[in-house]
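*Asks:* Here you go, one structure.
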Amino acid sequence: VQLQASGGGPVQAGGSLRLSCAASGSVFSTNDMGWYRQAQGHQREFVATITSGGRPNYADSVKGRFTISRDNAKNTVYLQMNSLKPDDTAVYYCNGLINRNLLWGQGTQVTVSS
């Protein structure tokens with residue numbers, strides 16, 4: 001089973017992007033899924049998670065701007081990012097508890113220009 005993230009790219013400040021992360025392979029169970037990010041020269045940090053039941057949790061820095069959601073039928077988690085700021089520039093990684101294993105996606109670059 002693999003997680004494949006997509007949807008990153010360059011965007012101007014104030015703009016929006018939607019990231020997707022899909023689990024492929026023999027998926028029997030999915031639990032919490034989430035997004036983390038790592039800016040250059042910084043440690044990876046928590047962005048948002050969502051339970052299998054759809055309950056979200058956000059980092060304070062993205063509350064009110066980012067929305068995490070999931071489609072359990074497609075084993076996919078999304079991150080809608082609005083009102084983007086230059087400080088949101090980072091590589092975004094998805095993760096998920098899939099078949100009782102914690103998996104990470106490969107990362108997708110988000111670059112916000114001022």
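The values are calculated or read from the model by the stated rules, or taken from the named source; none is laboratory data. What you see is a predicted model; the values in this text were computed from it and never measured. We place every Cβ from the backbone using ideal geometry, glycine too, and count neighbours over all the protein chains shown. Just so you know, the surface numbers come from the protein's heavy atoms only, side chains and all, with ligands and any DNA or RNA stripped out. Shrake-Rupley method; radii C 1.70, N 1.55, O 1.52, S 1.80 Å.
*Asks:* Could you give the nm distance between label points at residue 69 and residue 28, where each point is 7 Å from its Cα heading toward the beta carbon?
*Replies:* Distance between the two pseudo-spin positions: 3.1 nm.
*Asks:* Could I ask something else about it? Computing the accessible area with a 1.4 Å probe over protein heavy atoms, can you report the carbon and sulfur percentage for segment 1-107?
*Replies:* Of the solvent-accessible surface of segment 1-107, carbon and sulfur hold 44 percent.
*Asks:* Moving to a separate point now. Which is farthest toward the positive dipole end of segment 20-105 among 50, 27, 103, measuring Cα position about the Cα centre, with Cβ charges +1 (Lys, Arg) and -1 (Asp, Glu)?
*Replies:* The residue sitting farthest along the positive end of the dipole is 27.
*Asks:* A further question follows. Is there a quick way to get the dipole size of segment 1-106? I mean about its Cα centre, with the Cβ of Lys and Arg at +1 and of Asp and Glu at -1; what is the value in debye to the nearest 20?
*Replies:* 140
*Asks:* In a shell of Cβ-Cβ distance under 12 Å around residue 5, excluding residue 5 itself, what net charge do Lys and Arg (+1) and Asp and Glu (-1) give?
*Replies:* +2
*Asks:* Let me ask something else. If you count only protein heavy atoms and use a 1.4 Å probe, how large is the accessible surface of residue 114, to the nearest 10 Å²?
*Replies:* Accessible area, nearest 10 Å²: 130 Å².
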